[in-house]
Amino acid sequence: MPRPQVVFVLGKPGSGKGTQCSRICKDFAFAHLSAGDLLREERQTPGSQYGELIEHHIVSGTIVPVEITCSLIDAAIKKRMSGLPPGNGTSRFLVDGFPRNQDNYDGWERQMADKVDFKFVLYFECPEEVAIKRCLNRGAAGSGRSDDCEEILRKRMKTFYQDTWPIIQRYASKDLVRTIDATKDPDGVYEEVKKVFKEFTV
């Protein structure tokens, strides 16, 4: 079995990662794995060996140990590569929202680097004010997301600059970042995305 091909997807809240990931999956046969979604799903799984620990960290406002996050990503990759659900087998993965900080980066290098064929970081570049306006509009339209409010968004932006931006720069120093101008409309952004993914054919 070939090693899975992995692309990390990073960007500020509101940069449009989710919208573009959906299109990439459809056109280039990738599976979309969100680190946050995997943690939330595991927390809600009855009998999970990690559920209580994940809940503790979420309630405490602390970061879930990277070993758990990597284990969940690894399990999700293996599940999809085996063709579960039926007809959904793939060896290409978009890992969205990871690595967010130095601990994430170090943990991935320890647990996963030898298991996958890492391709690059897809970084959606968007000015802070544009990104916040998008999130606030999303909240006003009834997104149901408690974090679509300005106070929380400002904190998330600060975290991005402090923790995630240095990781993006680290990958950039290795020529492993593909930067997309995310200020355009979704169709315009995707035109740029397609140029990056031209090496992948279905």
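For the residues Pro65, Pro166, Pro46, a GNM of the chain with alpha-carbon springs under 10 Å puts the largest fluctuation on Pro46. Its DSSP H runs of at least 4 residues, each contributing -39,500 (n - 2.57), put the calculated 222 nm mean residue ellipticity of the chain at -15000 deg cm²/dmol, to the nearest 500. Ranking His32, Gln162, Tyr50 by Cα position along the charge dipole of the chain, where only Lys, Arg, Asp and Glu carry charges on their C-beta atoms, puts His32 farthest toward the positive end. Given a 10 angstrom Cα cut-off, can you work out which residue in Thr183, Thr164, Thr45 is the most mobile in a GNM of the chain? With Cα springs under 10 Å in the chain, the top fluctuation among Thr183, Thr164, Thr45 is at Thr45.
Between Ala76, Ala35, Ala140, the GNM of the chain built on Cα springs shorter than 10 angstrom shows Ala140 fluctuating the most. Taking the Cα centre of the chain as origin and assigning +1 to Lys and Arg Cβ atoms and -1 to Asp and Glu Cβ atoms, the resulting dipole is close to 400 debye. When only alpha carbons are used to place a centre, region 89-126 and region 21-83 end up 13 Å from one another. Sorted ascending by nearby beta carbons within 10 Å, beginning with the fewest, Phe160, Phe8 become Phe160, Phe8.
Ordered by the number of other Cβ atoms lying within 10 Å of each residue's own Cβ, fewest first, Leu39, Leu153 fall into the sequence Leu39, Leu153. A value for Rg and Dmax of the Cα atoms in Å was derived from the coordinates, and within the list [x] 16.8, 47; [y] 21.7, 68; [z] 27.5, 98 it appears as [x].
Neighbouring Cβ atoms within 10 Å as the yardstick, rank Cys25, Cys126 fewest first.
Cys25, Cys126
Here, each number is a calculation from the coordinates, and none is a lab measurement. Quantities reported herein were computed from a predicted structural model and do not represent experimental measurements. All Cβ positions, even for glycine, are placed from backbone atoms using ideal geometry, and neighbour counts span all protein chains on display.
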